[in-house]
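J.: Dropping a structure here in C-alpha cells format, bear with me for questions.
The values are calculated or read from the model by the stated rules, or taken from the named source; none is laboratory data. It should be emphasised that the depicted structure is a prediction, and the values quoted were computed from it without experimental measurement. Neighbour counts are summed over all protein chains in view; Cβ atoms, including those assigned to glycine, are modelled from backbone coordinates with ideal geometry.
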C-alpha cells in the first residue's frame, strides 16, 4: 500500500520543544504544584519536581515548540528533489506559519503528514499548542469525528511496528538497521534544552531538526524499498 502513495503528497516533519521557561523557579505557585503532580509518576522518588523540570519540554502543557522543520518531494521527470525548510521564532508565529503552509499547499484529501512517532508526539503536541494559543486547528490536525482510516497521518515508527503496540524504535536505530547514512548531528534530543536556554544557539537546533526530517524521509523510502536520497537531491529552501 505504501507504494501507491505519491511522495509529492506527503509533508514530512519534526518538532523541537523545550520547557516553557528556563527554570522551575520561574513558574507561579499553581504551575509548580501542577507540574509536581503531573511528573510524579515518571520521576517517582528519584528526582524532585524541580530537578525533573529540565524534561518538561516533552509535555505540551508545560513546554513549547521552538522549531518545526518540514520536507517535501518535488519531482520533475527524472529529477528528484527533497526540499527542507523550518519555522522558528516565537511560538504563536511559527504555529501560524505552519498552519498557513498546511492550508495553502497540503490541504487536500490526498495530502498526508508524516513524522517518526508523530502520532504519539509531534501531531498532538502541535495541536495542543495551537489550542493553547487560540489558533483554530487546520483540517489536517483536527481529528474530531474522523474514522481511523480518515486520519491523514503517517508514522514511520508505527509502520515499523507491524501491529506490535509495545515496540518502540528510535529514528536513529531505524536509520542504522536500514542502512541509512547517519546524519552529522552534533546534538541529540536530550541536549536541546541546554543548547536553547544556555548556549542560545537556535540555528544549531534548526539544523538538527532538519536532519531528522531528512532521516524520516529516508526511512520512508526504505520502507517502500526505494533508493535513498543523495545529498545533491536535498535542498534547503
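J.: Residue pairs, Cβ under 9 Å, 6 or more apart or interchain, first in the stretch 212-237 and touching a residue at least 24 places away in the same chain (Cβ under 8 Å) and on the phi > 0 side of the Ramachandran plot, second crowded, with 19+ Cβ neighbours inside 10 Å and assigned to a helix (DSSP H, G or I). List them.
T.: Going by the 9 Å Cβ cut-off, there are no qualifying pairs.
J.: Restrict the check to the stretch 32-54 and report whether at least one residue is in contact (Cβ under 8 Å) with a residue 40 or more places away in the chain and touching a helix residue (DSSP H, G or I) at 6+ places or on another chain (Cβ under 9 Å). Lay out the reasoning, then the answer.
T.: Initial filter on the stretch 32-54 (in contact (Cβ under 8 Å) with a residue 40 or more places away in the chain): 54.
Next, only the ones that are touching a helix residue (DSSP H, G or I) at 6+ places or on another chain (Cβ under 9 Å) stay: 54.
The answer is yes, given that some residue of the stretch 32-54 is in contact (Cβ under 8 Å) with a residue 40 or more places away in the chain and touching a helix residue (DSSP H, G or I) at 6+ places or on another chain (Cβ under 9 Å).
J.: Looking only at the stretch 115-136, how many residues end up being within 22 Å of residue 105 (Cα to Cα), under 17 Å from the mean Cα position of the chain (by Cα), assigned to a loop (DSSP other than H, G, I, E, B) and free of Cβ contacts under 8 Å to residues at least 60 places away in the same chain?
T.: Selection size over the stretch 115-136: 1.
J.: Mind counting the residues in the stretch 62-84 that are in contact with a strand residue (DSSP E or B) (Cβ under 8 Å, 6 or more places away or on another chain), assigned to a strand (DSSP E or B) and more than 18 Å from residue 112 (Cβ to Cβ)?
T.: Narrowing the stretch 62-84 to residues in contact with a strand residue (DSSP E or B) (Cβ under 8 Å, 6 or more places away or on another chain): 62-75, 80-84.
In the following step, the residues that additionally are assigned to a strand (DSSP E or B) were identified as 63-75, 80-84.
When the remaining residues are screened for being more than 18 Å from residue 112 (Cβ to Cβ), the result is 63-67, 80-81.
The number of residues fulfilling the criteria is 7.
J.: Can you go through 168, 197 and tell me which one is at pLDDT 95 or above and out of contact with any strand residue (DSSP E or B) (no Cβ under 6 Å at 6 or more places or on another chain)? Walk me through it before giving the result.
T.: Details: 168 fails: at pLDDT 95 or above.
Every option except 197 fails the conditions.
J.: For residues that are surrounded by 15 or more Cβ atoms within 10 Å (Cβ to Cβ) and free of Cβ contacts under 8 Å to residues at least 40 places away in the same chain, tally how many sit in the stretch 173-184.
T.: 1
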